[in-house]
Amino acid sequence: MGPVSAPVVASAVLPLTSHPLQRAGAWAVAVLAGRESPGEVTVADLDAVAARVVDDVCAAALAGKDEAVYDWWKVLFALYPNSKPTHSKRTRDRAVMEEAVAALFAPDGADGAAHPCTFCGAPTPVVWTKSNLPMFDTSKALNTLPPGVPGWPVCRGCRVAVWALPYGAWVTAGSASVLSCESERAERAFAERNVLRARRVMQLGFGKLSAAARPELVAVRALLAVREELSATTLWTFKNDNQEPWLRVTSTRRALPRFLAVVQGNAPLRRGWRLLEVALTRRDKDGVVVAGGAAEAARLLFEAEDGRSRSLLWQLHHLLTQDAGRSWGARDRADLTRLAFTYAKEILGMEPDPTPVATVIADWIQHGSGNPRGRLAEYRNVALSDYKLGALLTQAHFRLVFDGRSAAAGPDDWAPLISQRPRAWEQRMLLAARVLELLQQRGVAVNAPPADEVERDREERLLEQPMLRDEDDDYDMGAA
């Protein structure tokens, strides 16, 4: 992640640019200064935030490995691995360290030629090298700057923002996630939440924080808090490692806030979402949560830039068709199916009607020769394959016709499901959900025996809890 072009904002103390790292840091500065936006930050605010950053950096750099604040040093090392506070041979003298770190954020002097800031374009005589800038090359890349250029020009406001970045990012001991969003109010809410968490990291260390939390949940909760209707969201997760730096980009569709509002305002959809969260919660052998259901469900709303991510629709399909050990009641299956179709409509812009084809398959499973569970397993094995599903539909139609039954679906109903056109895969997943719903309505056994009454009562109490709830947090995000 290198420099980006931005308009010159010479009059702003703290410009808000389009660069995701500077932008996240600018919002962190605004939150730390108690301002509603970076544009409201004053020189006095910048001085105060810089002083706080210096104090926290020095405390972390000089901490012992058994101290909680040492975990903040791990965060700094993941972002600025070659800087003076994170270097393996760093000084242990507090006064010397403070002087070196404070110099990073000193006001621009009048001496020297001014160059446009790499981030905002404001003139500045100060240049920084990659040791102080996350994701600006690695230690393996030498002499990447043009000959005679000592570094990247960075104005004072952007220098403070770059080092305030970990306060406004979701950080771990080895990576950071920053948010870019069409809604600036959501960006501020994300930064506000993470500033609180940064203080907890310094006070308690990562070991006392929930291991099941994720940045996707914080981002989604920020969107919900500001009540936008349409807003695309991108999470940039990276590690500025000495050896192998990496960047992973995930994003949501613009319609996500509207989808979440629809789910929150509809009892069956809300219950379906909670069923998903409960199913995704994982615990270790001692019963400690290692994967929070709300966080894992929020993660499904983000699509990876490289395509290597699970979708919400796929996860619902898996729960309904592949999770053989789970018992879904008729209401459970109906709510999960409704959630899948609502996601397809609101997020993907799809409103298919797979009921005719689903009826054919359900009739074949219920009335064909042999055991219905065996035919259900046969359908499950081909449900997502265009060619194999077409072959099974052919077999089912012939079987029903030979038995004197009518086939409810024709060629036009088949076509979207057995082709390789866009969204055919999603339509086949929705078809499977509808097939299982029809079978359950008809009383055909499609899953494990129902849980006992005590267990069902316990699950119902869990389902009554709010969706996208962070169980390990006691803060209320509220409106930004």
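Points to keep in mind about this one:
- Principal axis dimensions, the stretch 55-202 - Cα atoms, whole angstrom, descending: 44, 43, 31
- Ratio of the Cα radius of gyration of the stretch 1-135 to 2.2 N^0.38 Å, where N counts its residues: 1.09
- Rounded to 10°, Cα long-axis angle of helix 312-321 versus longest principal axis of the chain: 40
- Size descriptor, Kirkwood hydrodynamic radius, that averages inverse alpha-carbon separations across the stretch 256-463, Å: 18.1
- Taking a point 7 Å out from the Cα of residue 284 in the direction of its Cβ, the residues of the stretch 203-224 whose backbone N falls within less than 18 Å of it are 205-214.
- Here the extension length gained between residue 458 and residue 442 equals 3.1 nm, from 0.36 nm per residue of separation less the Cα-Cα distance.
- Distances between placed amide hydrogens fall under 5 Å for residue 303 paired with 251, 252, all partners being 5 or more residues away or on another chain.
- To the nearest ten degrees, helix 355-367 and the longest principal axis of the Cα atoms of the chain are 50 degrees apart.
- For residue 291, distant residues with modelled amide H under 5 Å away: 282
- Principal axis dimensions, the stretch 209-306 - Cα atoms, whole angstrom, descending: 49, 40, 24
- Spatial extent of the stretch 17-73: Rg and Dmax, with the Cα atoms as the point set, Å: 13.5, 40
- Descending by average beta-carbon neighbour count within 10 Å, the peptides 19-27, 34-42 line up as 19-27, 34-42, the highest first.
- On the principal axes of its alpha-carbon atoms, the chain has extents of 94, 48, 39 Å, going from largest to smallest.
- Inter-centroid distance (Cα atoms) of the stretch 316-345 relative to the stretch 252-315, Å: 13
- Set of the stretch 376-415 residues, backbone N closer than 18 Å to the point 7 Å along the Cα-Cβ line of residue 353: 407-415
- Residue pairs, from the table 130/208; 130/239; 74/130, whose Cα atoms sit over 25 Å apart: 130/208
- Sorting 245-251, 436-442 by their mean Cβ neighbour count within 10 Å, with the most densely packed peptide first, gives 436-442, 245-251.
- Note on the stretch 51-67 and the stretch 86-123: Cα centroid distance 17 Å, given to the nearest whole angstrom.
- Look at the dipole of the stretch 349-457 built from charges on Cβ: of 350, 425, 445, the Cα furthest out on the positive end belongs to 425.
- Protection proxy ranking, peptides 46-59, 258-271, 116-129, average beta carbon neighbours within 10 Å, highest first: 116-129, 46-59, 258-271
Bear in mind that the values in this text are calculations on the coordinates, not laboratory data. In this text the structure is predicted, and so the values were computed from the model without any measurement. Glycine also receives a Cβ, built like all others from the backbone with ideal geometry; neighbour counts cover every protein chain displayed.
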